[in-house]
Each structure stands twice: as structure tokens, then as C-alpha cells.
Amino acid sequence: MENVRYDVAVIGAGQAGLAIGHALAEQKKRFVILEAADSVGSAWRNRWDSLVLFTPRRYDALPGLAFPGDPDGYPTRDEVAAYLARYVERFGLPVELSTPVRSLSKDADGFVVDANGTPIRADAVVVATGPFHAPIVPDIAGGLAAEVVQTHSAGYRRPADLPKGRVLVVGGGNTGFQIARELAGSREVHLAIGSQQKPLPQRLLGRDLFWWLTKLGVLSKSVDSRIGRRARDRDVLIGSSPRDAKRHGVVVQSRAVGAVGRTVRFADGTELDIDAVIWATGSKPDHSWIDLPINGDDGRLRHRRGVSDVPGLYFLGLSWQHTRGSALLGFVADDAAFIADQIAADREARSGGAPVPTPQDESAQGGS
């Protein structure tokens with residue numbers, strides 16, 4: 001890749017990176033997709049073994065390739081990873097594996113991407129690494145004794161990896177509920193819930209929830225709409241609830257507020273001795289490797305539907321980038337198409353409306 005110039009460099013080979021890759025290929029752009037891991041869809045492969053999506057297969061496809069299997073069934077973690085790998089093969093997308101991006105900067109000649117020590121240049125860059133990078137662990141974790149096994153949900157794989165004693169799962173989102181329910185089949189499990197999230201049934205009147213959300217147009221409501229403004233900071237539980245957790249043997253606790261030794265204290269004043277804890281407390285974005293002014297005064301990423309304030313720099317796959325579906329496997333395609341069109345329009349504007357050279361015309365710049 002060294003000394004090669006691309007129309008577009010895409011960072012990340014998850015669903016967002018592959019969706020934008022498909023769109024760029026249709027526009028005959030000269031592009032590369034850079035992936036830090038040694039396989040496509042590594043974010044899925046690195047999640048817990050029993051993970052099952054809450055969106056049916058009919059809503060999990062990227063452009064041009066149906067998701068295999070029962071369209072009304074729910075795919076597993078491994079099915080998603082295999083589908084993404086098949087997607088790359090099907091469309092011949094130019095993915096460079098084991099190529100972590102160390103930094104991204106810009107000079108008078110365009111963007112400079114440090115791809116595992118190799119500098120490559122691009123006229124535009126799409127950061128498609130998703131919204132979750134750095135696991136969040138509460139400060140109270142530091143009060144637990146060394147003999148208490150601790151892991152974040154990002155590092156949890158299977159029940160056998162934990163001791164046989166009492167386990168506390170901290171976090172009342174979909175991840176916390178799913179992990180707690182799985183663990184309850186083999187040991188005593190408590191689930192600490194900090195804030196109540198609205199539970200929604202997986203199926204309603206014989207139809208999957210996402211059938212209703214799609215039919216009613218809820219998933220297409222933008223973040224600027226009245227519904228979007230109300231929903232963007234309110235997560236929901238899909239197919240899970242405190243009542244359902246209790247039916248599976250999970251003991252539901254209030255917010256965990258302190259820890260000393262093996263004892264965790266809860267907001268209602270009760271205490272519990274534990275042998276292990278799983279912090280299902282979410283993750284936060286980390287764009288510290290981008291040496292460009294991308295954040296606002298509040299420290300948050302500044303963009304308009306993925307278009308940053310830095311000309312030629314775009315983001316894709318963010319939570320509520322435009323709609324509720326922006327970060328979901330089968331719905332990211334809409335934002336990908338928008339970004340691809342934006343890249344094309346920006347390039348045409350820079351060229352003064354003149355015809356843009358095709359990749360074949362630019363062959364003197366080197367090949368991939």
C-alpha cells in the first residue's frame with residue numbers, strides 16, 4: 001500500500017465499512033478498507049459465545065446479499081461474522097487485514113493514514129469503527145478484593161470462564177440481561193440495575209417488534225425529529241425485562257453504589273458478598289488517534305449525519321448518526337449510501353464540476 005493514493009480510505013471492516021465499500025465500488029472509486037484485526041467482522045467474533053441478535057435475519061442484510069437462513073429467525077454471533085466474511089468475497093472488496101491505523105492527519109496534499117507504520121494517502125477518509133471502543137468500568141470496581149474475578153462484558157465469553165460461586169452482573173441494558181440469564185442456568189446470579197429502561201416485547205400480535213417498527217416508520221425517524229430527540233438518549237430492552245430475568249432465576253438488585261473486599265453495596269442499603277462480577281456498563285468512543293479537530297467544546301464528536309467539520313472526513317456506524325438504525329447491521333446501508341453520495345459530490349465540487357478521473361485514469365499513482 002505504500003505510496004499509493006486512494007480516492008477513499010475506509011477504516012474498519014465491520015458492517016459499516018463493508019456497506020460503504022459496496023457503495024464506493026458501485027461508484028467505481030479507488031478505495032481500500034483497513035482492518036486492525038486478522039479477520040472481517042472481528043467485533044462480532046470477540047463477543048460472548050451465545051450472543052443472538054434481536055433483529056430477524058430479514059433485517060440483517062447488507063446491500064446486494066440476503067442474510068441466509070430462516071428470515072424470521074435470529075442469527076447468532078458466528079453467523080453474523082461468517083456473513084460479513086462472505087460479503088467481502090462476494091463483492092471482492094479490497095480489505096487489508098492486520099492493518100491497524102495508528103494515526104490520521106491531513107496536510108495540503110490530502111489525508112495521511114499511518115497504516116501500521118505505512119503511510120498511505122487519500123482524498124477522503126471514512127471512519128467506520130463504530131461507536132464502542134473503550135469499555136467503561138465504574139470507579140467502585142477498585143474497591144473489590146483481588147480474589148473477586150472481574151471482567152467487562154466485552155471480555156466475557158462463556159459461563160465456564162467464571163468461578164462457580166455467586167456472580168453479580170452490573171448493568172441493566174440488553175447485554176446485562178442476556179448475560180445474567182445465561183449464567184443463571186449454572187449458578188446464583190444477581191443483576192444490578194441502575195436505571196430502568198423501557199422493556200419491549202420481541203414479538204407483538206404475532207409479528208416481530210422490528211416488523212412493527214419498520215411498518216410504522218419509527219426506524220426512519222431522524223435524530224432531529226421529535227421522536228428522535230426523545231428516543232436518542234433512552235435505550236430500550238428488547239425481549240428482556242426484570243420480570244423475565246426473575247423467571248430465569250436472576251435476583252434483581254438496585255444500583256451498585258460501593259464495594260469493599262468481596263462486598264457490594266446497593267442503593268437501597270442492602271449488601272451482597274460475591275465471587276465474580278461482570279461489568280455490563282457499556283463502552284465509549286475513542287478517536288484519540290485522529291490528529292484533527294473533530295470534537296466540539298463539549299468533547300463530543302461533531303458531525304452532521306456523519307459529515308465532519310473537516311472537509312473530506314466522514315464517520316459511519318455511529319449510534320443515532322441519523323436514525324435509530326444507524327448502528328444496526330441491516331440498517332446502516334442508508335447512511336452508507338448518503339456518505340458515498342456526499343463524497344462524490346464533494347469531489348466534483350473540488351474539481352470545479354469537471355469530469356472526475358476514473359481509477360483507470362489514475363493508474364500512474366500506483367496500484368493496491
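The values are calculated or read from the model by the stated rules, or taken from the named source; none is laboratory data. Source: prediction; values computed, not measured. Here Cβ is always computed from backbone atoms with ideal geometry, including for glycine, and neighbour counts include all displayed protein chains.
Details
- Residue in region 70-87 that is touching a helix residue (DSSP H, G or I) at 6+ places or on another chain (Cβ under 8 Å), in the same structural domain as residue 322 (by TED's automatic domain parsing) and of a type in the set (Val, Ile, Thr) present: yes
- Some residue of region 201-218 being small (Gly, Ala, Ser) and either in a strand (DSSP E or B) or in the same structural domain as residue 181 (by TED's automatic domain parsing) (or both): no
- Taking region 225-340 and the strands (runs of 3 or more DSSP E) fully enclosed by it, the elements with 1 or more residues that are at pLDDT 95 or above and either within 20 Å of residue 104 (Cα to Cα) or of a type outside the set (Gly, Ala, Ser) (or both) are at 251-253, 256-260, 263-266, 271-273, 276-279, 313-315.
- Any hit, region 41-51, residues being modelled with pLDDT under 95, assigned to a loop (DSSP other than H, G, I, E, B) and crowded, with 22+ Cβ neighbours inside 10 Å: yes
- Restricting region 155-173 to residues that are over 23 Å from residue 268 (Cα atoms) and surrounded by 15 or more Cβ atoms within 10 Å (Cβ to Cβ) leaves a set whose member that is farthest from the chain's Cα centre (by Cα) is 162.
- Qualifying residue in region 67-76 (condition: assigned to a loop (DSSP other than H, G, I, E, B), of a type in the set (D, E, K, R) and either touching a residue at least 60 places away in the same chain (Cβ under 8 Å) or closer than 21 Å to residue 318 by Cα (or both)): yes
- Verdict on residue 103 being within 15 Å of the chain's Cα centre (by Cα), of a type in the set (Ser, Thr, Tyr) and on the phi < 0 side of the Ramachandran plot: no
- Which numbered condition residue 176 fails, given (1) within 22 Å of the chain's Cα centre (by Cα); (2) in a helix (DSSP H, G or I); (3) over 25 Å from residue 135 (Cβ atoms): (3)
- Total residues in region 179-200, condition farther than 19 Å from residue 276 by Cα and either in contact with a Phe, Trp or Tyr (Cβ under 9 Å, 6 or more places away or on another chain) or in a strand (DSSP E or B) (or both): 3
- In region 115-154, the residues that are more than 24 Å from residue 23 (Cα to Cα) and assigned to a strand (DSSP E or B): 118, 119, 134, 135, 144, 149, 150, 151, 152
- The residues in region 179-226 that are among the aliphatic types (A, V, I, L, M), over 23 Å from the mean Cα position of the chain (by Cα) and buried (at least 17 other Cβ atoms within 10 Å of the Cβ) can be counted, and the count is 5.
- Residue under evaluation residue 99, criteria (1) polar (S, T, N, Q); (2) surrounded by fewer than 15 Cβ atoms within 10 Å (Cβ to Cβ); (3) in contact with an Asp or Glu (Cβ under 7 Å, 6 or more places away or on another chain), criterion not met: (2)
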